[in-house]
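To keep things clear, I will list the structure first and then write my remarks on it.
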Amino acid sequence: MRRSLVVLSLMAAGLATLPAMAANLAADAAAGSVRGVLVRFKTTPADLPAATAALLADRQLGARLHYTRRLSANWALVEADRPLPAAQAEALVRTLRGDARLAHVMADAHEHRAAVPNDTLFRDATTPQWWLDDYSATTSPAVANFTHAWDIGTGAGSPVVAVLDTGITSHPDLDANMLLPGYNFISDPVFAGNGIGRTATALDLGDGITAAQWQANPSKYDGCNPDATATTGAASSWHGTLIAGQLGAVTGNGQGVAGINWHARVLPVRVAGQCGALVSDMVDGMKWAAGVHVDGVPDNANPAKVLVIGFAGLASCSTSDPDATIAAAASLYRDTISSLRQMGVLIVAAAGNRQAGVGRPANCSGVFAVTSVNRLGYKALYSNFGPEVQLAAPGGDQANPLRQLRCDAIAGVADGGVVSTFNKGTQQPDTSSTGYGYAAVSGTSFAAPQVAGTAALMWAANPSLTLAQVEAGLKTSARPHVLAPDLGLCTDANNSYRCTCTTTTCGAGLLDAAEAMKYAQSPTGYTAPTATAVTVTSDALASCGAAQGSTPIPPPAPSPAPAPSPAPAPSPAPAPSPAPAPADAGGGGGGGGATSGLWLLGLVAGAAALRPRRNEAR
């Protein structure tokens with residue numbers, strides 16, 4: 001997680017006993033009666049009312065239905081004298097569909113307004129969940145369009161999603177959707193914060209370090225947390241609580257935030273404590289989350305179909321790495337990932353936040369790596385990038401008020417961050433009745449859950465989807481990357497700050513949850529819409545590009561105008577007949593042509609050097 005957040009002190013008076021949204025849905029279900037039926041004739045009748053009456057009489061339905069009005073040349077509305085129960089209406093539709101004169105028959109259905117949560121922060125005036133709201137090519141071209149995905153499905157029947165992170169804290173906007181107790185896989189008693197190591201609860205005891213802890217044990221904590229010092233220590237991130245809230249905050253309860261999945265089943269798995277996550281703990285957590293037996297640990301009663309990992313180490317995932325330790329860890333990761341994929345488990349991981357190459361385990365083959373973009377679609381300041389990335393999503397790109405990094409001071413460049421559930425404790429969780437809250441954060445860790453949550457929605461809509469289909473659907477349905485010419489392309493040679501993504505550096509495109517849900521409904525019949533990349537320009541972005549030293553993307557060269565056809569040579573006046581000569585005279589001619597130029601833009605992404613580190617870090 002990028003260490004820049006805004007804590008929101010908005011507390012709810014209490015959980016609503018009957019959320020307004022649930023009440024509306026219940027009322028709509030109760031009104032399951034039908035009065036009208038729409039019919040379309042294959043051939044346009046000369047007299048639509050008469051043809052409809054004859055149809056109903058032939059089908060012995062004249063006493064129950066009558067012609068009401070014409071909708072078009074061959075569409076008619078027929079209605080009953082009183083509303084019919086849904087079962088009776090379905091029987092009538094089946095009867096009419098058996099008539100060879102008709103092309104289409106359907107009950108006259110109600111169109112419902114788009115599903116929009118009533119949670120107070122969803123469209124809050126100052127700290128909205130913009131990342132969860134409507135797509136807009138003007139103001140939010142990177143947004144995944146979850147509001148329209150919910151029109152297809154809100155996640156009923158979803159598979160379990162496991163969050164491999166720092167664990168979970170109690171939160172009234174979250175508790176109902178947690179599959180507790182989860183499990184704590186941190187084997188080091190000190191870093192676990194409990195003095196004993198692994199335990200049968202995923203409660204987040206904090207990953208912060210106090211100055212006193214550092215000073216008492218400097219050899220253990222030195223280099224452990226880049227934000228910690230012996231003087232100040234470091235605050236806890238409550239990272240797992242933030243991610244869990246994105247995936248499964250209780251939605252439609254009139255308070256706090258909404259979640260991606262309204263019927264989420266989130267399994268917290270604590271793998272990271274004060275000094276990140278050990279490779280062995282991470283691997284055990286991955287296996288256990290998916291339902292694989294881990295020695296010394298009770299089996300998981302709620303195996304997950306989707307794993308989301310918000311940590312990215314510095315090392316490569318190459319089994320041929322010259323460092324034997326890194327190569328061995330890569331082999332362990334690859335074996336684990338391969339076995340879970342054979343079980344049909346999707347592993348989604350954050351690319352990392354070091355403006356460099358993709359971190360581990362996101363850079364391992366078989367992992368669905370996700371990077372983060374700004375709300376406007378260009379790469380977020382901190383995001384890692386590279387060919388291992390599969391997809392991009394908006395993970396927040398806040399200005400850092402303490403450091404004012406790379407264009408942060410230029411209004412209109414940064415965004416407001418991702419708002420989610422949080423705990424107010426500094427190092428240890430605040431367990432008081434007012435200890436919970438909400439925060440705006442930024443990081444690839446908060447882009448990855450959007451992909452994981454979309455996958456869970458897809459599987460809820462169509463449980464027969466294979467792992468390969470879900471991965472293909474996420475990428476096939478993606479929108480093109482946004483073009484920000486003033487910021488240049490994301491390459492080592494140009495810049496690794498805010499920049500324009502390509503399919504080489506940031507995956508297949510931008511997550512589009514609504515289109516992914518359409519794919520899930522019919523994977524073999526789905527055709528992605530034709531889309532043109534959005535281009536974003538402004539004075540602010542021009543200033544940012546100049547401040548970063550970005551190489552602007554040149555506009556495409558215009559096609560040259562075709563060369564005009566040469567005017568025909570005038571026909572010479574006929575020469576007088578010459579006097580007879582002993583021999584004939586002959587002559588010859590020549591021609592010319594024009595060529596046109598073609599501009600090619602080469603996109604080259606350099607691989608950033610990765611240095612080894614024992615623990616996986618955010």
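The values are calculated or read from the model by the stated rules, or taken from the named source; none is laboratory data. Keep in mind the model is a prediction, meaning the values are calculated, not measured. Ideal geometry is used to build each Cβ from the backbone, glycine not excepted, and the neighbour counts take in all protein chains shown. Quick note on the areas: whole protein, heavy atoms, side chains included, nothing else; ligands and nucleic acids left out. Shrake-Rupley method; radii C 1.70, N 1.55, O 1.52, S 1.80 Å.
Taking the criterion of being open to solvent by 10 Å² or more (accessible area, probe 1.4 Å), charged (D, E, K, R) and either modelled with pLDDT under 95 or under 30 Å from Thr127 (Cα atoms) (or both), would at least one residue in segment 351-367 satisfy it?
yes
When you look at Gly425, is it at pLDDT 95 or above and either within 30 Å of Met343 (Cα to Cα) or assigned to a loop (DSSP other than H, G, I, E, B) (or both), yes or no?
Numbers: at pLDDT 95 or above: yes; either within 30 Å of Met343 (Cα to Cα) or assigned to a loop (DSSP other than H, G, I, E, B) (or both): yes.
Considered against the rule, which asks whether it is at pLDDT 95 or above and either within 30 Å of Met343 (Cα to Cα) or assigned to a loop (DSSP other than H, G, I, E, B) (or both), Gly425 comes out as yes.
How many residues are part of a helix (DSSP H, G or I) and either under 14 Å from Arg101 (Cα atoms) or among the aliphatic types (A, V, I, L, M) (or both) when one looks only at segment 33-87?
12
Step by step: first the residues of segment 116-152, then only those that are open to solvent by 40 Å² or more (accessible area, probe 1.4 Å) and among the hydroxyl-bearing types (Ser, Thr, Tyr), then the one that is nearest to Gly256 (Cα to Cα). Which residue is that?
If we take residues in segment 116-152 being open to solvent by 40 Å² or more (accessible area, probe 1.4 Å) and among the hydroxyl-bearing types (Ser, Thr, Tyr), then Thr120 is nearest to Gly256 (Cα to Cα).
Can you tell me which residues in segment 186-239 are loosely packed, with under 14 Cβ neighbours inside 10 Å, in contact with a helix residue (DSSP H, G or I) (Cβ under 9 Å, 6 or more places away or on another chain) and closer than 15 Å to Asp281 by Cβ?
Listed by number, the list holds a single entry, Ile196.
Could you check segment 401-422 and list, in sequence order, the residues that are open to solvent by less than 30 Å² (accessible area, probe 1.4 Å) and either part of a loop (DSSP other than H, G, I, E, B) or of a type in the set (Asp, Glu) (or both)?
Going residue by residue through segment 401-422, those that are open to solvent by less than 30 Å² (accessible area, probe 1.4 Å) are 407-408, 413, 415, 417-422.
Within segment 401-422, Cys407, Asp408, Val413, Asp415, Gly417 qualify.
Looking at segment 47-93, which of its residues are open to solvent by 70 Å² or more (accessible area, probe 1.4 Å), within 46 Å of the chain's Cα centre (by Cα) and at pLDDT 90 or above?
Listed by number, the residues that qualify are Arg69, Arg70, Leu71.
Return the residue satisfying two criteria in turn: it lies in segment 496-517 and is out of contact with any Ser or Thr (no Cβ under 8 Å at 6 or more places or on another chain) and polar (S, T, N, Q), and of such residues it is surrounded by the most Cβ atoms within 10 Å (Cβ to Cβ).
Thr500
From the list Ser383, Ser372, Ser318, which one is touching a strand residue (DSSP E or B) at 6+ places or on another chain (Cβ under 9 Å) and either among the hydrophobic types (A, V, I, L, M, F, W, C) or in a loop (DSSP other than H, G, I, E, B) (or both)?
Ser383
Can you go through Thr431, Thr454 and tell me which one is of a type in the set (S, T, N, Q), surrounded by fewer than 24 Cβ atoms within 10 Å (Cβ to Cβ) and farther than 20 Å from Thr126 by Cβ?
Selected residue: Thr431, the only one of Thr431, Thr454 that is of a type in the set (S, T, N, Q), surrounded by fewer than 24 Cβ atoms within 10 Å (Cβ to Cβ) and farther than 20 Å from Thr126 by Cβ.
Search segment 476-495 for residues being within 22 Å of Arg354 (Cβ to Cβ) and surrounded by fewer than 24 Cβ atoms within 10 Å (Cβ to Cβ), and hand back the single one that is modelled with the highest pLDDT.
Gly488
Kindly establish whether His171 is part of a loop (DSSP other than H, G, I, E, B) and either at negative phi or crowded, with 24+ Cβ neighbours inside 10 Å (or both).
yes
Hey, can you tell me all the residues within segment 252-266 that are of a type in the set (S, T, N, Q) and under 21 Å from Gly167 (Cα atoms)?
Hit for segment 252-266 is Asn261, nothing else.
Suppose we keep only residues that are in contact with a Pro (Cβ under 9 Å, 6 or more places away or on another chain), hydrophobic (A, V, I, L, M, F, W, C) and not in a loop (DSSP other than H, G, I, E, B) within segment 471-505. Which one would you say is nearest to Glu388 (Cα to Cα)?
Checking each candidate, the answer is Ala472.
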